[in-house]
Number of protein chains: 2
Amino acid sequence: MTADVALPTPRRRPTKAKAAPVEATARTPLTPETWIDAATDVLVSHGIDSVRVDVLAKRLQVTRGSFYWHFKDRNDLLAQVLQTWRRKSTEELTRRLETAHTDPAEQVRDVLSLPFRGRSAVRAAQIELALRDWARRDPVARQVMDESDASRLAYISQIFSSLGFGVLEARSRAFLLYSHVVAASQMTGAEAALPREERNRFVEQLIQTPLR
Amino acid sequence: MTADVALPTPRRRPTKAKAAPVEATARTPLTPETWIDAATDVLVSHGIDSVRVDVLAKRLQVTRGSFYWHFKDRNDLLAQVLQTWRRKSTEELTRRLETAHTDPAEQVRDVLSLPFRGRSAVRAAQIELALRDWARRDPVARQVMDESDASRLAYISQIFSSLGFGVLEARSRAFLLYSHVVAASQMTGAEAALPREERNRFVEQLIQTPLR
């Protein structure tokens, strides 16, 4: 969480915040992605209240002015943090899963394994939990999280429809499977009583078992 | 989230932070619970970084000095925030559920309904999500959350043991049911595609269905 963002420019002392924006940006060719990554890092390590232009400029060792070359204001940056996360985590994910397997039972197994795919899964879970916490108190973040949950749920529902379940039951099964993914990524300390392989094998079976 | 904590003393301007602790506390008979409640409010509305003695003293309109009448330091307060949450949310909860029903199928229904019990459930979910976010970066919070999850899971596992499932399967079923409770309390925006009553009825049935 304390890892610094890689800078394309050599380290230098920040100049005065009052420096003219155009002049400042001419000296600091940071991309919007650098600001978005830094904002995401600060969100994860300190919470949304700390994601401020002055904090980020200090972290990136550039002037505040250079920020306004890329973003209208803080809200513009926050909106782009949300859109970037949504694009990376949701759209790319569902696209990958859809092209990797055609067998729906394999797709169920794939969904179940999501929280356990190494370091990138841990990082993704940290970002997502920070976003959920932020979404509790911010309607814009709330909407992006809700839309993201809805599109993931719609994707998982399709898997259960392919397995032959009716529409409502497919949605219920999708919600339960997705709940397991969300909770497992948050409750990494609950491993002791039950190895995750055991848990996943059980869920994989039960979630495809017809009701009596 | 902006509701002020009720104060037992009349409003007055804060005195200097340097005032002698004993003199300050003599004028401000706040209880430790008042500080703990205020700290929890700030945690929920601004995140753990904002839970600082100066912020809380200003909010409660007392001197910083009076804080040290009740707590050794900020870490002592944070430890008590965690212990208070754990006691209220976990121990009292399991005690209530255990005495309310003896029929394990009723207990399953009771667990499923937890995220939907009005305003207090919404508030509890907000606090819990803020604590989970904090626990990602703090080992003390992490330990309390892990222990709390473990004791809830142990309780729910007992229900499935009563229903006749073996130890490992009871634990897997408990984890899946608890996942649904945790995720449902976080994903309140996912209602549109599937009413929660429908979802709960389905989970209640499936979670008690034997594997084929």
In Å and from the alpha-carbon atoms only, list the Rg and Dmax of the range B:85-206.
-> 14.5, 40
Got a sec to turn the phi values of the range A:170-179 into Karplus ³J(HN,Hα) couplings, 6.51 cos²θ - 1.76 cosθ + 1.60 with θ = phi - 60°, whole Hz, x for Gly and Pro?
-> 4, 5, 5, 5, 4, 4, 5, 5, 5, 4
What spacing in nm lies between the two simple spin-label points modelled at A:Glu33 and A:Ser162, each 7 Å away from Cα in the Cβ direction?
-> 3.0
Over all residues in B:180-187, what is the mean tally of Cβ atoms on other chains that come within 10 Å of each residue's Cβ?
-> 6
Can you list which of the trypsin sites (Lys or Arg not before Pro) found in the range A:120-188 are DSSP loop residues with at most 12 other C-beta atoms within 10 Å?
-> none
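Averaged across B:49-60, how many Cβ atoms of other chains sit within 10 Å of each residue's Cβ atom? Each step should come with its number before you reach the end.
Working: counts 5, 4, 0, 0, 0, 0, 0, 0, 0, 0, 0, 0.
Mean partner shielding for this stretch: 1.
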Student exercise, the range A:82-206 dipole from Lys, Arg, Asp, Glu Cβ charges, in Debye to nearest 20 = 360
Kindly give the distances from B:Glu98 to its copy-mates, label point to label point, with each label point 7 Å from Cα along Cα→Cβ, as nm values to one decimal ordered shortest first.
-> 5.0
All-pairs Cα distance distribution in the range A:129-192, expressed in whole percent, bin size 10 Å = 21, 38, 31, 9
Shortest first and in nm with one decimal, please list how far the A:Arg212 label point sits from its counterparts in the other copies (point 7 Å along Cα→Cβ).
-> 1.6
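Over the range A:82-206, what is the relative contact order in percent, taking alpha-carbon pairs closer than 8 angstrom and at least six residues apart? Working shown, then result.
On the way: 78 pairs, mean separation 37.4, N = 125.
Contact order relative to length: 30 percent.
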Nm distances between the label at B:Leu163 and the same-position labels in the remaining copies, 7 Å along Cα→Cβ, shortest first?
-> 1.7
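What does the structure give for B:165-177 when I average, per residue, the other chain Cβ atoms found within 10 Å of the residue Cβ? Walk me through the intermediate numbers first.
Values: counts 0, 0, 2, 6, 4, 1, 6, 9, 4, 3, 12, 11, 2.
What the average comes to for B:165-177 is 5.
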As straight-line cross-link partners of A:Lys88, the qualifying aspartates and glutamates (C-alpha separation under 13 Å, not fewer than 8 residues apart within one chain) are A:Glu33, A:Asp37, A:Glu128
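Each reported figure results from applying straightforward, stated rules to the coordinates on display, with no laboratory input. Computed from a prediction, not measured in an experiment: that's the story for all the values here. Ideal geometry is used to build each Cβ from the backbone, glycine not excepted, and the neighbour counts take in all protein chains shown.
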